[in-house]
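Student: Here you go, one structure.
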Amino acid sequence: MPKHDTPLLDQLESGPWPSFVKDLKRQAEKNPACWDILGQMEVSYEDKITHWKHGGIVGVFGYGGGIVGRYSDMPKRFPGVAHFHTVRVNQPSSKFYNTKVLRQIMDIWERRGSGMTNMHGSTGDLVLLGTFTEELEEIFYELTHDVGVDLGGSGGNLRTPSCCLGQARCEWSCYDTAEACHNITMTYQDELHRPAFPYKFKTKFSGCPNDCVAAIARSDFSVIGTWRDDIRIDQAAVKGYVNGEFPANGGAHAGGDWGPFNIKKEVIDLCPTNCMWMEGDELKIDNAECTRCMHCLNVMPRALRPGLDQGASILIGAKAPILDGAQLSTLIVPFIKMDAENEFEEYKEIIEKCWDWWMEEGKNRERIGESMQRIGLPTFLKIMEIDPIPQHVKEPRSNPYVFWKEEEVEGGFERDLAEFRKRHPM
Amino acid sequence: MADREEVKAQILELLTKSKKPALYLKDMQKKVDAKPREIKNAANELVRDQKVMFWSSGSSTMYALPERAKDEDKIGV
Ligand code: SF4
Ligand code: SF4
């Protein structure tokens, strides 16, 4: 039986799509506090302002992240949501959990929280929505001791690292993303649990440029698998595709009437760098021109595979639109090896250099991508001690001024000014 | 450069005297004589000692003295 009238929210149940209002009402039958979520939200819709207060002092002992405090500004009217804190649970790498773990977490959450979740947050965490301050330490104890999971990141911390399925299930993966994600999570526990940075910092691991975790769009430090040598070609399988023996795209999009497979139209002409051609019935690739866009590999997975000299590119600076507009990560390091044997040493060297600089120079609530933009890419590359390469250039220069440093000019800047003035009087 | 105890003392003094009840690490960096990482470690040690508390909006984090952090409405971001 609803505790509050919610005519505005009820409208959201009327469409053909799933509705969070329906979900909330169902949950409210089990946990009456959920009626107060609906009640408060209805008032927000009427008043056109939020009735959540911003932030809070909650947390579990010793952790400066993982709990996001929320308090209602109408606690008397909606006591069930007087506190409505979020608990972020660090997901296992590649989200390989079993149903036992999910049941255990939900059991804790039904007992000690609202029972509502957001699976998963954009950082990958299992997000448990809505509990009271006095439950937090108990929840934390049960999660860590009974289930064996930890809290994720929030605030000005390293956020919970996340990764694609990687080599566990995907033949395109150019490194073991799950291993990398786990190793980095364990190495940087202090950065994850105790705020160190001017603002949030996310890192995500994709095994190949298909970028299934959207690292390039959603992480400050994006690690995207790639290869340095040539795409492996199985010419017999190429012929197989041309002859219609294998379905293109691994059988995806098969519902449409596309006609017989046309390698020119569907692969060669769509290569963004025009670096593919046929010689007789052999497919050729000018690998120096290939940008690793993955298109041809996706269409003919049996015939084309990533090269064997595998690793990852590091791109820095993606973020959602808060201060400036949304921004994708920018390529900074074209290739590093991502080896578990050396403990992902190259990755760690680069990320720590970024942090050291950003902790000094970043402004309050400024993402590293914004700090980078503020000082300019050339300066950032100098700080990172990386020589510029053509791939760093976004577009040809549009202004006529070139600023040289003295050491970059043969003979330096020394000149006889008196001699110059004879020819160019003031 | 100050040692850990001195850095802690400087942070506590800053948090007591500052106009705002809660400060970002960056605010401390402007006033405390130490590297950012050292300030962060010292501030977190103060949290462990329960002399300082975190205040978080969810997206960024501030530090405050427990008695001043109670004044939540004034913190804001
Ligand atoms: S990003 Fe690449 S390697 Fe990772 S799951 Fe997707 S396709 Fe596979
Ligand atoms: S991966 Fe993309 S750029 Fe490279 S050869 Fe294939 S289609 Fe062309």
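Student: At 7 Å along Cα-to-Cβ for each site, give me the label-to-label distance between B:Ser59 and A:Glu289 in nm.
Tutor: Going from the B:Ser59 label point to the A:Glu289 one covers 4.4 nm.
Student: The stretch A:333-426: which trypsin sites (Lys or Arg not before Pro) are DSSP loop and have at most 10 other beta-carbon atoms within 10 angstrom? The partial results should precede the final answer.
Tutor: Values: sites: A:Lys337, A:Lys348, A:Lys353, A:Lys363, A:Arg365, A:Arg367, A:Arg374, A:Lys382, A:Lys394, A:Arg397, A:Lys405, A:Arg415, A:Arg421, A:Lys422, A:Arg423; in loops: A:Lys337, A:Lys363, A:Arg365, A:Arg367, A:Lys394, A:Arg397, A:Lys405, A:Arg415.
Sites meeting the loop and neighbour criteria: A:Lys394, A:Arg397, A:Lys405, A:Arg415.
Student: For the stretch A:115-174 and the stretch A:13-43, compute the distance between their C-alpha centroids and round to whole Å.
Tutor: Using only Cα atoms to place each centre, the spacing works out to 24 Å.
Student: Of A:Trp109, A:Ala312, A:Leu126, which is farthest towards the positive pole of the protein assembly as shown's charge dipole, taken about the Cα centre with +1 and -1 on the beta-carbons of Lys, Arg and Asp, Glu respectively?
Tutor: Of the candidates, A:Trp109 comes out farthest on the positive side.
Student: Could you give each residue of the stretch A:413-426 its phi-based ³J(HN,Hα) in whole Hz, using Karplus coefficients 6.51, -1.76, 1.60 with θ = phi - 60°, and x for Gly or Pro?
Tutor: 9, 4, 8, 8, 5, 4, 4, 5, 5, 4, 8, 10, x, 5
Student: Using Cα atoms only, what is the angle between the long axis of helix A:20-30 and the major principal axis of chain A, expressed in degrees (0 to 90) to the nearest 10?
Tutor: Here the helix axis deviates by roughly 40 degrees.
Student: May I ask you to sort A:Val267, A:Val149 by Cβ crowding, counting other Cβ atoms within 10 Å and putting the fewest first?
Tutor: Fewest-to-most Cβ neighbours within 10 Å comes out as A:Val149, A:Val267.
Student: Still on this structure: About its Cα centre, how strong a charge dipole does the stretch A:109-243 have in debye, to the nearest 20, once Lys and Arg get +1 and Asp and Glu get -1 at the Cβ?
Tutor: So the dipole magnitude of the stretch A:109-243 works out to roughly 600 debye.
Student: Sorted from fewest to most neighbouring beta carbons within 10 Å, what does the list A:Met384, A:Met300 look like? All intermediate terms of the calculation are to be shown ahead of the outcome.
Tutor: On the way: A:Met384 16, A:Met300 26.
Exposure proxy ranking, most exposed first: A:Met384, A:Met300.
Student: For chain A, count all C-alpha to C-alpha pairs, find those more than 30 Å apart, and express that count as a whole percent of the total.
Tutor: It works out to 57 percent of all Cα pairs.
Student: I'd like to know which of A:Thr86, A:Leu38, A:Ile49 lies farthest towards the positive end of the charge dipole of the stretch A:19-99, counting +1 on Cβ of Lys and Arg and -1 on Cβ of Asp and Glu.
Tutor: Result: A:Thr86.
Student: Sequence-distant or interchain residues sharing an amide H contact under 5 Å with A:Lys53, placed H: which?
Tutor: Under 5 Å from the amide H of A:Lys53 lie the amide H atoms of A:Tyr71, A:Ser72, A:Asp73, each far enough along the sequence or on another chain.
Student: For chain A, modelled as a GNM with alpha-carbon contacts under 10 angstrom, which of A:Ile368, A:Ile383, A:Ile105 fluctuates the most?
Tutor: Ranking A:Ile368, A:Ile383, A:Ile105 by mean-square fluctuation puts A:Ile383 first.
Student: While we're on this one: List the pairs from A:Lys95/A:Lys200; A:Lys337/A:Lys394; A:Lys100/A:Lys202; A:Lys363/B:Lys35 whose alpha-carbon separation is above 18 Å, in the order I gave them.
Tutor: A:Lys95/A:Lys200; A:Lys337/A:Lys394; A:Lys100/A:Lys202
Student: What whole-number distance in Å separates the alpha-carbon centres of the stretch A:249-326 and the stretch A:384-402?
Tutor: The stretch A:249-326 and the stretch A:384-402 have Cα centres spaced 26 Å from each other.
Student: Given a Förster radius of 35 Å and the C-beta distance between A:Trp17 and A:Phe61 as r, what FRET efficiency does 1/(1 + (r/R0)^6) yield to the nearest 0.05? Before the final figure, lay out each step's value.
Tutor: On the way: r = 42 Å, r/R0 = 1.20.
The formula returns an efficiency of 0.25 here.
Student: Mind checking the angle between helix A:33-47 and chain A's longest principal axis? C-alpha axes, 0 to 90 degrees, to the nearest 10.
Tutor: In chain A, helix A:33-47 runs at an angle near 70 degrees to the longest axis.
Student: Measure nothing fancy, just the Cα-based angle from helix A:345-361's long axis to the longest principal axis of chain A, in degrees from 0 to 90, nearest 10.
Tutor: With rounding to tens, the tilt is 70 degrees.
Student: Mean separation of Cα pairs under 8 Å and 6+ residues apart, divided by the residue count of the stretch B:4-74: what relative contact order is that in percent?
Tutor: Working: 80 pairs, mean separation 25.0, N = 71.
It comes to 35 percent, rounded to a whole number.
Student: For the stretch A:166-246, run through the GluC sites (Glu not before Pro) and keep only the ones in DSSP coil with at most 15 other Cβ atoms within 10 Å of their Cβ.
Tutor: Filter output for the stretch A:166-246: A:Glu171, A:Glu245.
Student: Treating only the Cβ atoms of Lys and Arg (+1) and Asp and Glu (-1) as charged, compute the dipole magnitude of the stretch A:27-83 about its Cα centre; round to the nearest 20 debye.
Tutor: Value, rounded to 20: 180 debye.
Student: Moving on. For chain A, what does the relative contact order come out to in percent, with C-alpha contacts under 8 Å and a separation of six or more?
Tutor: On the way: 757 pairs, mean separation 45.9, N = 426.
Computed value for chain A: 11 percent relative contact order.
Student: Here is a further query. Quick one: order A:Thr330, A:Thr185, B:Thr61, A:Thr177 by neighbouring beta-carbon count within 10 Å, fewest to most. Please list the in-between numbers first.
Tutor: Details: A:Thr330 19, A:Thr185 22, B:Thr61 27, A:Thr177 31.
Going from sparsest to densest Cβ surroundings: A:Thr330, A:Thr185, B:Thr61, A:Thr177.
Student: While we're looking at this one, here's another question. For the stretch A:7-147, what is the charge dipole size about the Cα centre, in debye to the nearest 20, if Lys and Arg each add +1 at the Cβ and Asp and Glu each add -1 at the Cβ? Working shown, then result.
Tutor: On the way: 15 positive and 18 negative charges, 46 e Å.
It works out to roughly 220 debye.
Student: Taking chain A as a Gaussian network, Cα atoms linked when under 10 Å apart, which of A:Leu38, A:Leu129, A:Leu102 shows the biggest mean-square fluctuation?
Tutor: Looking only at A:Leu38, A:Leu129, A:Leu102, the biggest GNM fluctuation is shown by A:Leu102.
Throughout, read-outs are computed from the coordinates displayed, never taken from laboratory work. Just so we're clear, the structure is a prediction, and the values are computed from it rather than from any experiment. All Cβ positions, glycine included, derive from the backbone under ideal geometry; neighbour counts span all protein chains shown.
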